[in-house]
1. If each residue's Cβ is checked for other Cβ atoms within 10 Å, how do 50, 4 rank with the fewest at the top?
2. Would you mind ranking 15, 55 by Cβ crowding within 10 Å, fewest neighbours first?
3. Taking the Cβ of each residue in 87, 2, 48 as the centre, tally the other Cβ atoms inside 10 Å and list the residues starting with the fewest.
C-alpha cells in the first residue's frame, strides 16, 4: 500500500505488516478514515509509528453563516448534488479498496 500526500510525501506499508485494519465510512460523517495497526513500526519523519491513519474529507465541514440560506437557490442545490456525488464516489473507491486487499473492521456507530 502506498500513500502519497498532497505535498508529495510517500508512505509505503506492506500488507503483511498490517495487524489490524479499520475502515470508518462516511455514513453521517464528513470524513472517511482508514486506520492501520502495524505488527512492526515504520519510520515516518524521525519517529517510529505502529498506528497509521489516513482520512479524506467528503464534504464541506464549515458553513458560511453570513450567506443567506434559500432552499431554492440553484447554486446551493447544485453544490449539494455535487457533494452527494463526491461522497458516493469516494465511498465506493474506499469500499472497493478494502474489499480487494484486506479484511477490515468497521466500528459500530453506537459505540464510537
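Read-outs: derived from the displayed coordinates by stated rules, not from any lab. Just so it is clear, the structure is predicted and the values come from calculations on it, not from any experiment. Counting neighbours? That spans all protein chains shown, and the Cβs are built from the backbone with ideal geometry, glycine included.
1. Working: 50 13, 4 10.
If I rank by nearby Cβ atoms, fewest first, I get 4, 50.
2. Working: 15 10, 55 14.
The fewest-first ordering by Cβ neighbours comes to 15, 55.
3. Values: 87 18, 2 7, 48 11.
Least to most surrounded, the residues fall as 2, 48, 87.
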